[in-house]
Structures are given as C-alpha cells and as structure tokens.
Amino acid sequence: MVTWRAAPHPAHLLALVAVGGIALAVVLGIAGHLEHPPGLNPVSLTISDYALSDRGGPVDAAMLCLALGSLALLLGLRDLQAPVRGVVTGLLSVWATGLICAAIVPTNPVDTPLSPTGQFHRYASVAAFVALPAAAVLLSHRLAADGRWHGLSAYLRWLAAVCGLGLVALLYVAFPGDRVMIGVVERLLVAAEVALIGLLAAQLWRLAGRLPAVGSSL
C-alpha cells in the first residue's frame, strides 16, 4: 500500500539554511570579538586582523556561515523564480566565494609587507564587499515588478547606498587616511551588508512558508 507523507518545500529548507547561517554568523562574529587575545583593538584593527589572531576560530567560522547562508539564499531565490539570474547570480556568487576565500586564506599582520596570500585575501574581501551592494541595486529594480518583493525594493536601494558610502569611506581610511578608525568603518560596512542579505533571507523565509508541502510516496 502506498502512503503519502508531506515534506517541506525545498525553498523552505533553503530559507531555513539561509536565515540560520546568517544568524549564526552574527553570533560567531560577536563571540570572536568578545573572546579575543589581549591587545586587539576593534577601532584600529579589521575583522581580518581578528581572524588572523585566532585562525580557525569563530571569526573565520562566521565568514563561512555567512557564505553558506548566502548561497542557500541564492538557491532559494532561484527556486521561487525570483529575478536573480544572469548578472545578479554572478554577483551574489562572487560575494559568497569572496567570503570563503577570505576565511580560508589569511591576511598578513599589520605593519608587515603584504604577501601573495595577503594580496589574495585583500582582493577577495574587496570583491565581496563590492559585489553584494551591486547585486542589491540590480535586484531592487527587478523585484519592483514582482508583487511578492515590491515592498523590499526601496530598502534594498537604501542599504546598497549605505554600503556604497561605506566602501568609499573604507577606501579612504585604508590609504590616504592611514588606517585611522579603519576597524569602525569596516564593521559599519559589514553590518550594512549583513543587514542587506538578512533582509532578503527574511523575505525568502516568509514567502517559502506560504508554499504547500511536497508529497512523497512511502
């Protein structure tokens, strides 16, 4: 006798991974700043400097969780047939890949020459920082035509603008600004980008929760 069992819709499972990954990344990132070796200063040191002080610790894990959550978000958006194909998919993939590379390949200690691996870490991080707000700008215009996402468009554009200002500020303090308050500037930028990706994940969760369960035979 064949019986049927209801299973969650794939988009709902992807939304769960997206929301869970982003939330866990925030918790781990905070933990990595609370439990750090003495002498680290979040005002003058970047998140990468904190990760370097505790390789494989919570800050590295936070970047990997954020990347995993972002990839699940992308797959969930595609499953709901949101307009993320093409350039938007590429930019979101660059964001997630940049996070993974930055977590795996460390930077160099402050006031030491930048090695090839340090250069790789720097440009992977920059690529991620730039790709997400660029994806948000494109996506906000596409989602404006979709009633399910229409209310999100203005928030995405606003957060993308905040990220753009943060990128300009980070570029300034990293070079002519002589790293003055670089830690504060970078963390504000990261907070805006996490808020952006979290906003999309929350809406994915809401929309996926309305989908009917999928039946499977036993």
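The values are calculated or read from the model by the stated rules, or taken from the named source; none is laboratory data. These numbers come from a predicted model, not from an experiment. Note: ideal-geometry Cβ built from the backbone for every residue, glycine included; neighbour counts use all protein chains shown. Each accessible area value is taken on the protein alone, full model and side chains, heavy atoms only, with ligands, DNA and RNA left out. Shrake-Rupley method; radii C 1.70, N 1.55, O 1.52, S 1.80 Å.
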If you take the residues in segment 20-43 that are farther than 18 Å from residue 56 by Cβ and not in a helix (DSSP H, G or I), which one is modelled with the lowest pLDDT?
-> 38
Does at least one position in segment 127-135 carry a residue that is assigned to a loop (DSSP other than H, G, I, E, B) and within 19 Å of the chain's Cα centre (by Cα)?
-> no
Report yes if residue 211 is touching a helix residue (DSSP H, G or I) at 6+ places or on another chain (Cβ under 7 Å), open to solvent by less than 70 Å² (accessible area, probe 1.4 Å) and not in a helix (DSSP H, G or I), otherwise no.
-> yes
Do we find that residue 206 is more than 18 Å from the chain's Cα centre (by Cα), of a type in the set (D, E, K, R), closer than 25 Å to residue 90 by Cα and surrounded by 15 or more Cβ atoms within 10 Å (Cβ to Cβ) in this structure?
-> no
Give segment 86-103 a look and list any residue that's open to solvent by 10 Å² or more (accessible area, probe 1.4 Å), hydrophobic (A, V, I, L, M, F, W, C) and under 18 Å from residue 47 (Cβ atoms), or say none.
-> 99, 100, 101
Selection count where residues are assigned to a helix (DSSP H, G or I) and either in contact with a helix residue (DSSP H, G or I) (Cβ under 7 Å, 6 or more places away or on another chain) or open to solvent by 90 Å² or more (accessible area, probe 1.4 Å) (or both), scope segment 143-159 = 9
Inside segment 160-187, can you point out the residues that are assigned to a helix (DSSP H, G or I), farther than 22 Å from residue 123 by Cβ and touching a helix residue (DSSP H, G or I) at 6+ places or on another chain (Cβ under 7 Å)?
-> 162
Name every residue in segment 49-85 that is open to solvent by 60 Å² or more (accessible area, probe 1.4 Å), free of Cβ contacts under 8 Å to residues at least 60 places away in the same chain and more than 25 Å from residue 181 (Cα to Cα), in order of residue number.
-> 56, 64, 68, 71, 78, 81, 85
Members of segment 160-194 found to be surrounded by fewer than 19 Cβ atoms within 10 Å (Cβ to Cβ) and of a type in the set (Gly, Ala, Ser), listed by number = 161, 164, 169, 174, 177, 191
For segment 66-125, how many residues are aliphatic (A, V, I, L, M), assigned to a loop (DSSP other than H, G, I, E, B) and within 30 Å of residue 10 (Cβ to Cβ)?
-> 3
What is the one condition in (1) open to solvent by less than 70 Å² (accessible area, probe 1.4 Å); (2) of a type in the set (A, V, I, L, M, F, W, C); (3) farther than 30 Å from residue 10 by Cα that residue 30 does not satisfy?
-> (1)
